[in-house]
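Below is one structure, written out as structure tokens, with a few remarks after it.
No lab work stands behind these numbers, since they all come straight from the coordinates. Keep in mind that what you see is a predicted model, and the values were worked out from it rather than measured. Quick reminder, even Gly has a Cβ in these numbers, built from the backbone with ideal geometry, and neighbours come from all protein chains shown.
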């Protein structure tokens, strides 16, 4: 339904724009359904926004379902539309007043590094304002192909520096990572040719064939059982570029290793069932829903204490390999992190802490929570790229065999 | 249907004209709310308004009905509300009378005639569906968070299809799709299924100038100085730790009270006399007194 005021924008471009924006928002944790994207596109056609603030309000009204989503929306909108400056104006007249309502400096609490990467990930948007959406689509497709052909390059790339398209590719890479269950020694003894204990019963039975002399000896050894793996990921704002990739890893682990999966920002949420039942998108929506403080601060200590009280000491963490993915930015008391980690260290077989920020050359574990946790961590890894994830998986595998030290 | 849509398009060609019309009725809407109302009318799509108590959620629906020159049908939700109170009810007394009458006359009585429109009591939702035009009604479902979760399910058919099903009669489809506005104070989270069907807008407490303009508009008899003093006093009160921070509605009440008492200028003593119209909790009173009434008055 073209309204008389609407500019001669080709509808397909608008659809692509709405879908892309909705996708970006979805990736940031606001569960945007296709239905809402359609509504957004319809409303844009109907109201014909001429300035960025007008587009801002139309998106906010049509795409959100709750008050708590507004900060995320503000940030994504700012990132997405700042490059376009005036999306509708551009297609009709000369570049006009950059009437951005959003002062990035005061609104976005993220560091400048993230801002820069935001700019570098969309060179098209910042380059020429006159470029139409179709051109964008082509270039994006090209870059996508380029990315696909150089998965080697991607493998070492920091997740936080990847564009959404690259991240989608990465997720496929992550899903294909080989997950080999770590083993632990079982209680039972099984017959085994290389066993170190004599299987008296089998040896005697074999002895019947040789006239009662135990010529052929049989051996036994302890059987091996898969060791439980527990994954706990930080999904707060500072971990956002990594959270999504780790959800895919968790999904693989839950499905193939029977792992337990948890996420936290300020509260702890058990995701095992969601990941086992649905796709990562479903799980992502669940996280966003059950974590209204999504992208807020992190209470690592409180979340870990809750994990220990409600799950860990009931058996989930006992003898398990516990992997914690977090940058250690604690807004609460770092002492609580230390105490929780001490308890966890006593329960678990092996504690692995993955801090994607530690890949940076100038990294020092100065974040309060990180410093408090380190003494109780058995293995400390970065896990910021696919290569690093492979290291993590190897560490999990080895940790199963290693005796406690 | 098309006629009414034309009429709506004429009345509301764009967001700006909607905001201007609202202003003429005395309701000052910020661009966000104007956009939300515009989309609700023109898409059309139910609109869920959330915000603290007293930011003008209910008033927005009233003002919208005002500029569209169409009736406002209001359903106030409460705990335990059910279909009989929201949708329809059979007029049992009248049905009994009908039976007695038929007996006295010696007529045969068809059961279907007992369950016809004549015996139907229309409650707000059904009224909204049955409205004959020329323009759609504004249906305000107020404080939907107070109703039980199960009640939300009653609304789905209305929200998605603009239809209401009465088992004995069948499905009644709206002649003019009602403009549905739901409000919630967020005392509990609404169900996803309900939110999915709605546009969403969060009304924030307005900025100081905006609040001043609204109060001035609503209480024209008050002098400008008093109005701006009270608007700043309310925003000062909102910075201290109150159980119920005062909203725009309280600011308006306050100005009314001050005008009634003949107060020309807000000082500590005037605050003391009128504080009851803004703060409705004993504890909040104590907090305000502790912060200093002179500070509140801005003197």
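What the table shows:
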{"quantity": "Degrees separating the helix B:149-161 axis from the principal Cα axis of chain B, which is the longest one", "calculated": "70"}
{"quantity": "Cα-based convex hull volume of the range B:208-297 per residue, rounded to whole Å³", "calculated": "76"}
{"quantity": "Two-site FRET efficiency, residue B:204 against residue B:96, from Cβ-Cβ distance with R₀ of 56 Å, rounded to 0.05", "calculated": "0.60"}
{"quantity": "Projected label distance in nm at residue A:331 and residue B:109, using a 7 Å step from Cα toward the beta-carbon", "calculated": "6.7"}
{"quantity": "Relative contact order computed over chain B (Cα-Cα under 8 Å; 6+ residues apart), in percent", "calculated": "21"}
{"quantity": "Burial order of peptide ranges A:383-392, A:213-222 (average beta-carbon count within 10 Å, highest first)", "calculated": "A:383-392, A:213-222"}
{"quantity": "Nitroxide proxy distance, nm - points 7 Å out along Cα→Cβ at residue A:310 and residue A:38", "calculated": "3.7"}
{"quantity": "Likely footprinting exposure, A:65, A:210, fewest C-beta neighbours within 10 Å first", "calculated": "A:210, A:65"}
{"quantity": "Within chain B, helix-based [θ] at 222 nm, where runs of 4 or more DSSP H residues each add -39,500 (n - 2.57), nearest 500", "calculated": "-14500 deg cm²/dmol"}
{"quantity": "Shielding by partners, peptide A:50-63 (average Cβ within 10 angstrom, other chains)", "calculated": "5"}
{"quantity": "The range B:208-297: relative contact order as a whole-number percent, Cα under 8 Å and 6+ apart", "calculated": "32"}
{"quantity": "Average beta-carbon neighbours from other chains, 10 Å sphere, peptide B:194-205", "calculated": "4"}
{"quantity": "Diffusion constant of the range B:6-77 at 4 °C, which comes from Stokes-Einstein with the Kirkwood Cα-pair radius and 1.567 mPa s, µm²/s", "calculated": "104"}
{"quantity": "For the range B:219-240 versus the range B:80-116, the gap between their alpha-carbon centres in whole angstrom", "calculated": "55"}
{"quantity": "Residues residue A:168 and residue A:342, FRET efficiency given R0 of 56 Å [Cβ-Cβ distance, rounded to 0.05]", "calculated": "0.90"}
{"quantity": "Rounded tilt (10° steps) of B:2-11 against the dominant C-alpha axis of chain B", "calculated": "10"}
{"quantity": "Theoretical FRET efficiency, 1/(1+(r/R0)^6), r = Cβ-Cβ of residue B:10 and residue A:207, R0 60 Å, to 0.05", "calculated": "0.05"}
{"quantity": "Rounded tilt (10° steps) of B:282-291 against the dominant C-alpha axis of chain B", "calculated": "30"}
{"quantity": "Virtual spin-label span in nm between residue A:161 and residue A:222, 7 Å along Cα→Cβ", "calculated": "4.4"}
{"quantity": "Fewest-first ranking of B:285, B:176, using other Cβ atoms within 10 Å as the exposure measure", "calculated": "B:285, B:176"}
{"quantity": "Net length gained if the chain between residue B:221 and residue B:187 were fully extended (0.36 nm per residue, minus Cα distance)", "calculated": "8.7 nm"}
{"quantity": "Computed over the range A:186-225: relative contact order in percent, which uses C-alpha pairs under 8 Å that are six or more apart", "calculated": "58"}
{"quantity": "Inter-chain shielding of B:33-45 (mean C-beta neighbours from other protein chains, 10 Å cut-off)", "calculated": "5"}
{"quantity": "Protection-proxy order for peptides B:69-80, B:88-99, each taking the mean of Cβ atoms within 10 Å per residue, highest first", "calculated": "B:69-80, B:88-99"}
